[in-house]
1. List the residues of region C:306-333 that lose 50 Å² or more of accessible area once all protein chains are present, compared with their chain alone (1.4 Å probe, heavy atoms only, no ligands or nucleic acids).
2. Report in % the part of the accessible area of region A:53-236 that belongs to carbon and sulfur, leaving out ligands and nucleic acids; probe 1.4 Å.
3. Just how much of B:K42 is accessible, in Å², when a 1.4 Å probe is used and the result is rounded to the nearest 10?
4. Divide by every residue of the protein assembly as shown the summed helix terms, -39500 (n - 2.57) for each DSSP H run of at least 4, and state the resulting mean residue ellipticity at 222 nm, rounded to the nearest 500 deg cm²/dmol.
5. So what's the gap between the Cα centers of region C:68-91 and region A:85-110, to the nearest angstrom?
6. With an 8 Å cut-off on Cα pairs and a minimum separation of 6 or more residues, tell me the relative contact order of chain C in percent.
7. May I ask for the angle, rounded to the nearest 10°, between helix C:330-342 and the longest principal axis of chain C, with both axes built from Cα atoms and the value confined to 0 to 90°?
8. Using only protein heavy atoms and a 1.4 Å probe, how much accessible area in total is buried between B and A, to the nearest 100 Å²?
Amino acid sequence: MRELFHRKLERTSIGFAIAIIAAASVGGIVEIAPLFTIDETVETVDDMRLYTPLELAGRDIYVREGCYACHSQMIRTLRDEVERYGPYSLAVESKYDHPMLWGSKRTGPDLARVGGKYSDFWHVAHLTNPRDVVPESNMPAYRWLARNTLKMDDLGLHLAAQRAVGVPYTDEMIENASRDAFGQASPDTEFAAGVTERYGEETQVSAFDGVTTRVTEMDALVAYLQVLGRLTKAPYQNTAAPEQAPDPNN
Amino acid sequence: MDVDHDTLVSVSKSWGLFYLIAFSIGVLIYTFWPSNRKRFDKAKKNILRDEDDKPWK
Amino acid sequence: MVKQLTSGERQFAAVILVVLAVLGIAMAAAGRADPLGVHGLIVLLYSGALLYVVLSSFYEREPDLSLRTRYYDDPIKVGIALTMAWAVFGMFIGVWVAAQLAWPNLAFDAAWSSFGRLRPAHTTGVIFGFGGNALIATSFHVVQRTSRARLAGQISPWFVLFGFNLFCILAVTGYFMGLTQSKEYAEPEWYADLWLVVVWVVYFILYIRTLARRREPHIYVANWYYLAFILVVAMLHIVNNIAVPVSLGHAKSYTVWAGVQDAMVQWWYGHNAVAFFLTAGFLAMLYYYLPIRAGRPIFSYRLSILSFWGITFFYMWAGSHHLHYTALPHWVQNLGMTFSIMLLVPSWASAGNALLTLNGAWHKVRDDATLRFIMVAVIFYGLSTFEGSFMAIRPVNSLSHYTDWTVGHVHAGALGWVAMITFGSLYTLVPTLWKRERMYSAMLVEVHFWLALAGTLIYVFAMWNSGIIQGLMWRTYTQEDTLAYSFLDSLVAMYPYYIARAFGGLLFLLGAIVASYNIWMTVRYSPEALTDRAPAGPDQGPLPENVTAPAE
């Protein structure tokens, strides 16, 4: 008898646990499930580029240093934001972003369209010590980025992992990842041509930190910052944007 | 995929609403079910009974 | 703590720790040139230290099994010590990181101490380290007392406690090395996430088995909240953290979610981490420790049931209010807004229920700083849930989002509600647990109360001001219809508030240090010792020996 009573109690606590899950899962399912088909509602954009290995490495550094804690990458559909930062962000622009870096706080300005707004030299000086360029800034100095050589030997693995989660990198891209990373930061070498060949003519090949003898983390981060907002021109075509896309060649 | 986005959204919304209403009714019935009243009263008073150190098992 | 185990249990504990140590060695070997290797070493050291504790008492006399009819309180005691250690650590990092916003050179030009790496160390330290340990410790206490049953396991409570702290240590040391998934409040990498799943499954089984042993026919409502906390956090954690590691030798991974989907999943997780980690579990504390401390049953039990299901159901929909005016579909934004406003009903029902419980005991609130902690926590809970619903309204959000207002709102909840209810619960729990009549010093509880309240108010007012000013400056136009202020203008306007905020945080940190001292003294000095002021001998120290504090 006591045994039976006991089992009933056990059943109620399990049943209770199931009720909690049932109550709590609905909201998530209703809001998240339709997003699996959201691609259908987003206009297909033909000119959407992929991050080059160097840009992806820069993005990983952006993540590593927690830049997203102070900088958003999501321009909202509000007039002042569009006038301050450029055309509002479209869903398609972050469709290859694993993870997304929309951010939630602007201690510093939004970076969704910072690519091309400043020179490579400005970025390097700013990252080395922000207060040299903007005296009032409270951004940390990132001097060690220029000191650290970029780890490039395993970039193929990074690209392969990105492909595993849905980014359409080709076998050729994965195979050449390390070479392309080196080539993008070394314009005068034989490796530079392969980068534009694989990732498009718009890709910026440059000695980002001004030093061509080695590729540093500074090169990668600046390459990433310079491509922000420039993977596609769609935002400038689909909206009443007050600005033109920055020219990639300046 | 066979289901298109709009269908999924509308199913999701209507089903969500149905679930919300059904769930609320269920909870209200449970809370105000007359025979539960005594259990609840007992439960809220029982925690104040001071018998530390003497668990059942 | 090992003395309470039979020899079979000691062997089992040793086996678990050896397996963990082997895992650590495997990680160290696989990730030689990667931060993963450092984490392997940390796992190895951690399990080695615990193994040393187990083995050093391995052949001691076996415990008297008749004592197993009592409550199992040792893990709770260690949990409280860990809670306070993490509180001081997490809040110290918080003050430091706040000071860096006013004085950026306080990072001292090192990578590990820069803002972006310290910030998750602060959030993880206080949310998971302080809050998580407090939840685990109090849940072990509440479930035993309300079920009148002993915890259903000898080793599993220790496994949950130390396993969870290993997760926290991996998380924080990872940030210092630059390991993060960048998902807010879910930054730890894939292997730490997998480990947390294991810990959490054991936690759930332990909890549900203890409930199944209960003598009371009805499960007391506090346990509902703890159970919801355990279950829903598991669900959120698993879905949000699905990721593909670069290789088994890399700490780095990429989430399977992309762009808009990732944003929705992230904030579905993020907002419900607030709901089920920082609200449900702490409401459980409220529903148990408030009646106990006030000596009165909860005002309306039925209301507590209604608000439980309301919170469990509504919160899940609200996450999308973090994404107003973004590329998220409009209907999802609207759903999030609607449910956020509806959420105010169960939230205020809980707060009202708690305040009405105090009705008739106001003289106790006046005299007893512990009860005052609980009351102020309830008031801040009511205020910040109102503020939250308000900020979820789209036009309000257009001003508040991306500004310090959000930070102020979060801290009204975190300092005013979460931390205050925790301190109130700990001051109730500590004397009971160590069989003391009262805390070592009522005066120090009073000092802590005023430090905490002043710190919270300064912090929150500073952030309200800075956030609203910031938001307004960004959208102000001149008569010529151009933007009136550059971004830099708005940043310059923030500096005074950043200094005030760091000061408010400092007061709160001092309060936590006072509390740690007070708890330590309560534990250390028995009531007899208090009368003649003779210090207790070292072997009388009531804290279990060889407790490993979290690495800091």
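The values are calculated or read from the model by the stated rules, or taken from the named source; none is laboratory data. Quantities reported herein were computed from a predicted structural model and do not represent experimental measurements. Positions of Cβ are backbone-derived with ideal geometry, glycine not excepted, and every protein chain shown enters the neighbour counts. Just the protein is used for accessible areas: all its heavy atoms, side chains included, with ligands, DNA and RNA removed. Shrake-Rupley method; radii C 1.70, N 1.55, O 1.52, S 1.80 Å.
1. SASA drop of 50 Å² or more in region C:306-333: C:L306, C:W309, C:F313, C:W317, C:Y325, C:A327, C:W331.
2. Roughly 54 percent of what the probe reaches on region A:53-236 is carbon or sulfur.
3. 110 Å²
4. Helix contribution divided over all residues of the protein assembly as shown: -20000 deg cm²/dmol.
5. 41 Å
6. For chain C, the relative contact order is 14 percent.
7. On a 0 to 90 degree scale, this one is about 60.
8. Heavy-atom accessible area buried at this interface is about 1100 Å².
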